[in-house]
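To start, the structure itself, in structure tokens.
The values are calculated or read from the model by the stated rules, or taken from the named source; none is laboratory data. Because the structure is a prediction, the values reported are computed rather than measured. Because the Cβ atoms are built from the backbone with ideal geometry, glycine has one as well, and the counts that use them run over all protein chains shown.
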Amino acid sequence: MSTTSESPEVQPDPVPPDAPDPAAAGQMARRIAQLGSLRVALVLAAIWIVFQSQNDNFLSSFNLTNLVLQIAPVGMISIGVVLILLLGEIDLSVGAVSGLAAAVMAVLNVKHGWGPIPAIGAGLATGAAIGALNGFFTTKFQIPSFVVTLAGLLAWQGALLLVLGDTGTVNLNDATITGIAGTFYGSVVGWILVIVVVGGFALSGWLERARRSRAGLALPSMRGYVLRVIFVAAGAIAATLVLLDDRGIPLSGLILVGACGVGAFVTTRTAWGRHVFSTGGNAEATRRAGISVTRIRMIVFISCSTLAAFGGIMAASRLLAVNQSSGGSDLLLLSIAGPVIAGTSLFGGRGSVWDALLGALVIGSIANGMDLLALASSVKFMITGGVLLLAVVIDAAIKNQRERAGAARAPG
């Protein structure tokens, strides 16, 4: 890109009166996310009660462990989807990218003798390259991301078939690769992790209160802070007890929670994360504030496809194989539906990385419960589609309500 085209970002234009404050955008997003998380938790509890009443095995430790293994790949892909949605964009190629990246890894490891780490790295690099391509066409040529990634959905499915070749299926035997989904940890690791998670959450909230106090800002309710810590502690302890009652703490679940934690920190505690929210809220005003909107978009598209690639590798590890249907079926629907159900806005500027985990739990619980009840595939798709439509309707209603409230506060 020429120097002239980049000059507005090196020498920012005067900031218009309606330019979003990145810090305020991040704070507003956190408040909305907290309310949304409570709503999703209540919905999840209702889903579990319904399915448990229909099948006594639903809340068994064995089935809940399987649920964690099932949602880990979808949740990992959904983290990247959340980042894309925060920009007000969409990526319809994440399912196909996940299958292609897994195929690249499997073929290099099984057919070409690559070690597991280089093979996994090649799969992730495939995802990063595709993300860069998506970002390039979207930012350089101003093509809607819907069109670019829809083309990618078709192209990368074809690339998957090409990489797999005539065999169509590649079975995985390497212990490192299969261990991503097949490794479980005992009680010592489990309780150490509980202490780390609860302590980290409490410390993060306390440091946030300290920063706001030093800045002279209003402090959040101490009661709300304590209740959130108690809620997280109770959830972590309950999850640990359930998982230890079966096979132990699954590595794939830890990877998902860790990735959500890192993503949440980056999006809410760093300048780059605040710029993502600001870009999704008002890209032009953000550009005039001197923020490189092009760079933000490129990084987000690359991150999304890389996370999709890792999700595909996790799915291959669980299934012990990659085949022509990898990344297909309803994976794309579930990856996008989860965050939207959990509260991430399709219109940009509102959401949380934790929505990927909460949404995966909701959508995964529905799918798991319907499998236990042996419902027909037609019924499963209709129910899942209905849940997604309801989530979008709620999202649109919240957006309209915010716009009406903003119009009412506007002078004149």
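Being modelled with pLDDT of 95 or more and hydroxyl-bearing (Ser, Thr, Tyr) is a property that THR306 has.
For segment 232-244, the set of residues classified as touching a residue at least 60 places away in the same chain (Cβ under 8 Å) and within 23 Å of the chain's Cα centre (by Cα) consists of LEU243 only. Scanning segment 103-118 for residues that are in contact with a helix residue (DSSP H, G or I) (Cβ under 6 Å, 6 or more places away or on another chain), surrounded by fewer than 24 Cβ atoms within 10 Å (Cβ to Cβ) and of a type in the set (A, V, I, L, M, F, W, C) yields VAL107, LEU108, TRP114. Here ARG274 meets each of (1) touching a helix residue (DSSP H, G or I) at 6+ places or on another chain (Cβ under 7 Å); (2) surrounded by fewer than 19 Cβ atoms within 10 Å (Cβ to Cβ) with one exception, condition (2).
The set of residues from segment 333-360 being aliphatic (A, V, I, L, M) and either free of Cβ contacts under 8 Å to residues at least 24 places away in the same chain or surrounded by fewer than 24 Cβ atoms within 10 Å (Cβ to Cβ) (or both) comprises LEU333, LEU346.
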